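*Asks:* Pasting in a structure now, in structure tokens, and then I'll have a few things to ask.
The values are calculated or read from the model by the stated rules, or taken from the named source; none is laboratory data. Note that this is a predicted model, so its numbers are computed, not measured. Neighbour counts run over all protein chains shown; Cβ positions are idealised from the backbone, glycine included. The protein model used for the area step is the full one, side chains on, heavy atoms only, and it has no ligands, DNA or RNA in it. Shrake-Rupley method; radii C 1.70, N 1.55, O 1.52, S 1.80 Å.
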Amino acid sequence: ARAACPMVPEVHAAIAELCPLLASPAEGAVHVDRARRLAPSDPDMLFRCGLLDLQARRFDAACASWRRSLALSRDRLDDVIRLAGLAFGPSQWIERVLPESPWLLVDLARRRYASEEDGEVRRVLAERVRTLAGQADVPEGERHFFNGAALALLGRDSEAIEQMARAVRTRPGNPEWRYELALLLERQGRYTEAREQARVCVRLDRASGRYRTLLERVDRGPD
């Protein structure tokens, strides 16, 4: 198959899978690299190449393949996290494997690592978010928003509210940021302020059920 069509990445990946049985590990690395080069925009192939590299203990190459795969598609996110978690500690796989996307990291921390026993992973994710938010090319509003989201993940709600409020001041027409601020205010029992933010959210986007639900909930809270 390789002789007939040497430009098919699946053929090189299949040869790499057989190399541990039939040839030297070095030859397997050559074929994984060829598959990666022939399919640089195929997230499934990049995931497969990363898995082959991991099995051959080529850890740097595995991390690079998986990061590129996740930058193109989130479909393999759970598989990558599971495999990388077996090979690396949280600080390693979060920094080396996950794309530099604060949105992804915040969502991951909230969706997958919200329980008390996941506190260490959540902390590492939050600190990574703060590092990315501090980069020079991040606009001021985003910097405050992501710092606020990270501080909330760390349980530092008062500081998180301050950062979220700064973000809202930079973009007063952004209902999602106001929504996040309102949730934090509600969590702190500051219902009057939460109600004010929720009302603005509804005015800015009357079609959003989330904003209306929040307003109804904080309206029932104490004054």
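*Asks:* Applying the selection to the stretch 49-98, what residues are of a type in the set (Gly, Ala, Ser) and in a helix (DSSP H, G or I)?
*Replies:* The answer is Gly50, Ala61, Ala62, Ala64, Ser65, Ser69, Ala71, Ala84, Gly85, Ala87, Ser91.
*Asks:* Another question, if that's okay. Just need a number here: residues in the stretch 180-212 that are closer than 20 Å to Asp107 by Cα and open to solvent by less than 30 Å² (accessible area, probe 1.4 Å).
*Replies:* Qualifying residue count, the stretch 180-212: 7.
*Asks:* Further question on the same structure: For the stretch 86-128, how many residues are under 17 Å from Ala61 (Cα atoms) and surrounded by 14 or more Cβ atoms within 10 Å (Cβ to Cβ)?
*Replies:* Looking only at that region, the number is 10.
*Asks:* OK, next. Do we find that Ala126 is in contact (Cβ under 8 Å) with a residue 24 or more places away in the chain and closer than 25 Å to Ser73 by Cβ in this structure?
*Replies:* Criteria met by Ala126.
*Asks:* If you don't mind, another one. As an exercise: evaluate Leu154 against (1) under 19 Å from Leu214 (Cβ atoms); (2) aliphatic (A, V, I, L, M); (3) open to solvent by 30 Å² or more (accessible area, probe 1.4 Å) and give the number of the one condition it does not meet.
*Replies:* (1)
*Asks:* Go through the stretch 191-213 and count every residue that is free of Cβ contacts under 8 Å to residues at least 12 places away in the same chain and among the basic types (Lys, Arg).
*Replies:* Qualifying residue count for the region: 3.
*Asks:* Pick from Arg67, Arg58, Arg76: which is over 17 Å from Glu100 (Cα atoms) and either in contact (Cβ under 8 Å) with a residue 24 or more places away in the chain or not acidic (Asp, Glu) (or both)?
*Replies:* Just one listed residue meets the conditions, Arg58.
*Asks:* Let me ask something else about it. Does the stretch 129-140 contain at least one residue that is among the basic types (Lys, Arg) and open to solvent by less than 30 Å² (accessible area, probe 1.4 Å)?
*Replies:* Scanning the stretch 129-140, I find no residue that is among the basic types (Lys, Arg) and open to solvent by less than 30 Å² (accessible area, probe 1.4 Å), so the answer is no.
*Asks:* Can you name the residue in the stretch 99-129 that is assigned to a helix (DSSP H, G or I), over 10 Å from the mean Cα position of the chain (by Cα) and of a type in the set (Gly, Ala, Ser) and, of all such residues, is farthest from Arg67 (Cα to Cα)?
*Replies:* Gly119
*Asks:* A further question follows. Which of (1) more than 23 Å from Ala84 (Cβ to Cβ); (2) open to solvent by 40 Å² or more (accessible area, probe 1.4 Å); (3) at pLDDT 65 or above is the odd one out, the single condition Val11 does not satisfy?
*Replies:* It is condition (2) that Val11 fails.
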